[in-house]
Structures are given as structure tokens and as C-alpha cells.
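Below is one structure, written out as C-alpha cells, with a few remarks after it.
Derivation of every value follows stated rules applied to the coordinates shown; laboratory data play no part. No experiment lies behind these values; they were computed from the predicted model shown. Every residue, glycine among them, receives a Cβ derived from its backbone with ideal geometry; neighbour counts consider all protein chains shown.
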Amino acid sequence: MSSLVFARSLLAAALALGACAETASSDSTGTYIDDSAITAKVKMEILKDDALKVMQIDVTTQDNVVQLSGFVDSSRMVSHAGAVARQVSGVRSVRNNLIVK
């Protein structure tokens, strides 16, 4: 499966699951869906990036703040992943908790 097809499938699955999931009482449904869409977009951009094609990066979003966690091979990848996430439309800020393995 090509990475573009995989990324599109990942985006569709994230949006479908996000629309059905329960939200915290302080979050509106619209905010939760927006956060799910941002998460899917960031994941897709990371997978499309030749320098970051790793499955060990986890992405979560709350109130348009993206959190990156997991493991990468170098400190350069840590900063690059943060830069990629910041460029996604709708991202207010990025908490980069990636660890170099």
C-alpha cells in the first residue's frame, strides 16, 4: 500500500472514530472533531516527510495544542517533527515530548 493511500486511510479512520467518541464535558463536539482532524493531518504530514517516516511518533491534540510523544533516532528528528507539526493549519502550539532512542 503506498504511503499516500495509507495516509488517506489513516485520516479517514481517525475522522470516523473521532466523530463517534465521547468527549470530556468541558470540550464541545466541534472542538473534539477539530482536534481529531488536526491530529490526523499532523500524522499524515509526518508520514509523508521522508526524514520522519517512522511509526513511533504518537500525536494527540487538545484545544488545538498538539503533543508529540514516542521515539526517534536523532535530536534533529525531534526538532524537525515539531516544525512539521507547527506548519499544519489549526495548530496553536506544539508540545514536543519526543525521545531520542
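For a label point 7 angstrom out from the Cα of ILE99 toward its Cβ, which stretches of segment 43-69 have the backbone nitrogen within less than 15 Å?
56-58, 68-69
In whole Hz and in residue order, list the ³J(HN,Hα) couplings for segment 78-86 that follow from phi through the Karplus curve 6.51 cos²θ - 1.76 cosθ + 1.60, θ = phi - 60°; x for Gly and Pro.
Karplus values, whole Hz, x for Gly and Pro: 4, 5, 5, 4, x, 5, 4, 4, 4.
State, to one decimal in nm, how far the label point of SER75 lies from the label point of ARG92, with both points 7 Å from Cα in the Cβ direction.
Once both label points are built, they end up 3.0 nm from each other.
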